[in-house]
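The values are calculated or read from the model by the stated rules, or taken from the named source; none is laboratory data. The structure presented is a predicted model; accordingly, all values stated were derived computationally and were not measured. Note that each Cβ is placed from the backbone with ideal geometry, even for glycine, and that neighbours are counted across all protein chains shown.
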Amino acid sequence: MIVLSCTNLSKSYIAYKVLNNISFTINSGEKIGLVGLNGTGKSTLFKILTGKLSKDSGEIYIAKDHKIGYLEQNTQIESNNTIFEESLQVFKHLINMEKRLRDLEKEISIEGENGSSEKLQNLMNLYSKLMEEFTNKNGYGYKSEIKGVLKGLGFTEEEFDKPINKLSGGQKTRISLAKLLLEKPDILLLDEPTNHLDIEAIDWLEKFIKDYKGTAIIISHDRYFLDSIANRIFLIENSTLKSYNGNYSTFMKKRKKERELMQKKYEEQQKEIKRQEEIIRKFMSYGGKRNIRQAQSRQKMLDKMKKIDKPIQDRKKAKIVFEPKIKSGYEVIKVKDLSMSFGDFKLFKDLSFSIYRGEKVGLIGPNGIGKTTLFKIIMNEINPISGEITLGHHVNIGYYDQEQSNLTSEKTIVDEIWDENPNFDHYQIRSILARFLFQGDDIFKEINTLSGGEKSRLALLKLMLSKANFLLMDEPTNHLDIDSKEVLEDALKDYEGTLLIISHDRYFLNKVTNKILELSSEGIKEYLGNYDYYLDKKKTSETEEEIFNDKTKTQIKAERKKLKEQKKKEKKLREKIKNLESKISEYEEKISELEEYMCKPEVFNDPTKSIEISLEANSLKKELDKLYNEWMELTENNI
């Protein structure tokens with residue numbers, strides 16, 4: 001059954017055509033992902049479908065008695081209600097029905113005492129009918145339903161009594177989403193619903209939408225989410241809309257093949273056109289009526305030929321390359337017994353973990369568990385309650401803050417980069433900014449006028465120029481469209497340094513990371529693989545535990561012994577590498593002191609003393625070379 005359709009829908013803003021004669025039909029129960037570059041008209045289409053914006057032309061059909069529910073990207077609720085009270089507004093009809101049932105119970109009780117059988121019977125019939133309707137509409141379960149949805153979207157029961165006007169913008173958007181899901185409209189229009197949700201809440205929303213009996217159209221840059229929920233993808237590109245069956249990954253494969261085929265057809269036709277034009281030119285050059293007629297005939301055929309439009313070229317993408325200036329030591333960071341709390345609120349306790357050179361680690365966990373706080377402790381911006389953090393040999397940190405607080409809002413783009421890199425000439429500055437799509441007069445824009453995506457690109461440029469060998473990145477894909485995310489993914493995959501990334505973008509984590517650290521109220525747990533590996537281990541942990549319980553005591557003992565020996569061996573290796581790094585540092589310091597000493601007049605004017613110190617320095621350099629060779633052998637062959 002068709003629940004929604006558009007025919008030749010168009011919308012323009014002054015001279016710019018956003019949507020040009022788009023047409024589509026949507027059947028009941030379909031889950032559709034709406035994709036396209038920022039500014040192509042996705043949100044405009046939603047606003048037209050809901051009547052918030054007028055169309056220029058075209059027809060919209062919505063099935064009879066079908067209600068549309070719309071979540072805008074940044075919805076702000078203003079209310080004095082608590083979270084739970086605001087959610088109850090959805091069920092006003094049930095609350096009123098419940099009140100009517102209580103009133104009827106009182107009336108029935110009074111009439112029962114008066115002995116008026118006819119009126120009593122009428123009241124009983126009315127009560128029975130109303131009770132049936134109340135029960136069928138989940139009158140006894142709607143409060144549990146509210147709790148389930150609120151918890152699913154990341155609210156704890158302790159937060160249910162929190163006033164709406166005390167919430168952040170992201171929390172208010174989550175309340176709007178919760179109310180919309182509780183309303184159960186026939187057609188859901190969701191604009192970036194995974195913004196402001198942690199991974200656990202996104203997982204819950206995925207399951208909800210997949211089980212949802214209605215129809216859903218969802219704008220999202222979350223590719224993992226689209227892969228999970230969508231059975232069709234709508235692409236808006238160059239003011240037109242095209243439909244692809246399947247999820248996001250299937251769409252990408254089809255799109256790639258489609259472009260390759262169109263490019264091939266276009267090139268073949270262009271080749272044929274040139275061939276025909278050359279023949280026409282030759283006929284015309286020969287002269288004579290017959291040759292001219294031949295030329296004119298071929299020209300008519302060429303004019304009638306249906307020309308293939310030149311395939312749309314991919315838009316320019318930022319060119320990101322992260323290159324560490326120096327190589328760090330093997331153990332990049334060691335966290336031991338780290339605890340943090342704010343007043344009586346305990347964030348985390350006794351965290352211990354290590355990250356080693358070349359590891360690309362995803363830090364995941366629910367909102368408010370302390371991921372960003374951990375980053376700030378590593379950056380020495382705040383002090384922990386207890387525990388210690390040790391950075392390794394030659395570790396330089398680069399930090400990407402999701403709030404982009406390292407950008408100066410009053411500065412222009414060019415000044416922001418030039419002030420921190422004064423050695424760059426005008427050409428270098430222009431060139432580096434152009435790589436991040438800041439060109440022409442755009443480089444003189446003030447940072448406070450930039451979009452979220454532009455600020456993200458500028459912050460990434462600053463991070464790239466830092467040439468750090470240990471990158472801390474807090475939600476780096478926020479505000480980036482899918483193209484920009486893919487560029488960032490490729491850059492981080494090629495990065496030879498070490499990464500620690502906070503992200504709720506599971507597709508991004510899957511492509512970039514080789515280790516997951518899961519932060520929870522119980523502590524921190526390590527998974528040696530990407531996000532899919534983490535999910536697989538989580539799902540199979542119970543099964544593995546059962547298998548482990550079925551093993552004989554001898555098998556368990558042997559495996560534990562083997563694991564213990566392996567850990568012991570790894571620990572000895574790490575200690576050896578650490579000692580070597582410490583010795584290397586000592587030797588480098590001694591050599592530096594001797595070379596500085598040799599520059600003093602009393603030394604370089606005394607040949608005997610000068611030769612003596614030079615020999616000592618050369619001897620230390622030979623020893624240093626041996627230490628470096630040993631260090632390289634241990635780190636490269638065993639890591």
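Out of the residues in the range 197-218 that are modelled with pLDDT under 95 and among the β-branched types (Val, Ile, Thr), which is farthest from PHE24 (Cα to Cα)? Among residues in the range 197-218 that are modelled with pLDDT under 95 and among the β-branched types (Val, Ile, Thr), the one farthest from PHE24 (Cα to Cα) is ILE199. None of LYS282, LYS304, LYS336, LYS300 is at pLDDT 85 or above and within 30 Å of ASN238 (Cα to Cα) except LYS304. For the residues LEU573, LEU580, LEU563, LEU624, the requirement of being at pLDDT below 75 and either under 28 Å from GLY358 (Cα atoms) or charged (D, E, K, R) (or both) singles out LEU563. Candidates in the range 195-211 are the residues that are more than 21 Å from ILE83 (Cβ to Cβ) and touching a residue at least 40 places away in the same chain (Cβ under 8 Å); of these, the one that is surrounded by the fewest Cβ atoms within 10 Å (Cβ to Cβ) is LYS210. Report whether or not LEU177 is assigned to a helix (DSSP H, G or I) and closer than 27 Å to LYS55 by Cα. So LEU177 fits the description; yes. On the given criteria, is GLU192 among the charged types (D, E, K, R) and surrounded by fewer than 17 Cβ atoms within 10 Å (Cβ to Cβ)? In short, no. Counting only strands (runs of 3 or more DSSP E) that fall entirely inside the range 340-431 and contain at least 2 residues that are crowded, with 18+ Cβ neighbours inside 10 Å and β-branched (Val, Ile, Thr), the qualifying elements are 360-364. Only one of the numbered conditions (1) surrounded by 10 or more Cβ atoms within 10 Å (Cβ to Cβ); (2) over 47 Å from the mean Cα position of the chain (by Cα); (3) not acidic (Asp, Glu) is violated by CYS599, and that is (1). Among what's in the range 212-229 and is among the small types (Gly, Ala, Ser) and surrounded by fewer than 22 Cβ atoms within 10 Å (Cβ to Cβ), pick the residue that is nearest to GLY370 (Cα to Cα). In this case the residue turns out to be SER228.
Number of residues in the range 235-292 that are touching a residue at least 40 places away in the same chain (Cβ under 8 Å) and either aliphatic (A, V, I, L, M) or closer than 16 Å to PRO311 by Cα (or both) equals 12. Condition first: outside any strand (DSSP E or B), touching a Leu at 6+ places or on another chain (Cβ under 9 Å) and of a type in the set (S, T, N, Q). Now tell me which residues in the range 224-282 satisfy that. Selection gives SER239, ASN247, SER249, GLN276.
In the range 42-147, counting only helices (runs of 4 or more DSSP H) that sit wholly within it, the ones holding 2 or more residues that are in contact with a helix residue (DSSP H, G or I) (Cβ under 7 Å, 6 or more places away or on another chain) and either at pLDDT 90 or above or among the aromatic types (Phe, Trp, Tyr) (or both) span 83-88, 92-114, 117-136.
Set side by side, the residues TYR61, TYR70 differ, and just one is crowded, with 16+ Cβ neighbours inside 10 Å, more than 26 Å from THR156 (Cβ to Cβ) and not charged (D, E, K, R), which is TYR70. Look through ASP203, ASP198 and report the one residue that is touching a Pro at 6+ places or on another chain (Cβ under 7 Å) and either assigned by the TED database to the domain that holds ILE482 or among the acidic types (Asp, Glu) (or both). Within the list ASP203, ASP198, the selection yields ASP198.
Taking every residue in the range 597-618 that is within 19 Å of TYR587 (Cβ to Cβ) and pairing it with any residue that is hydroxyl-bearing (Ser, Thr, Tyr), at least 6 positions away or on another chain, the pairs with Cβ-Cβ distances below 7 Å are MET598/SER610; MET598/SER614; ILE613/TYR597.
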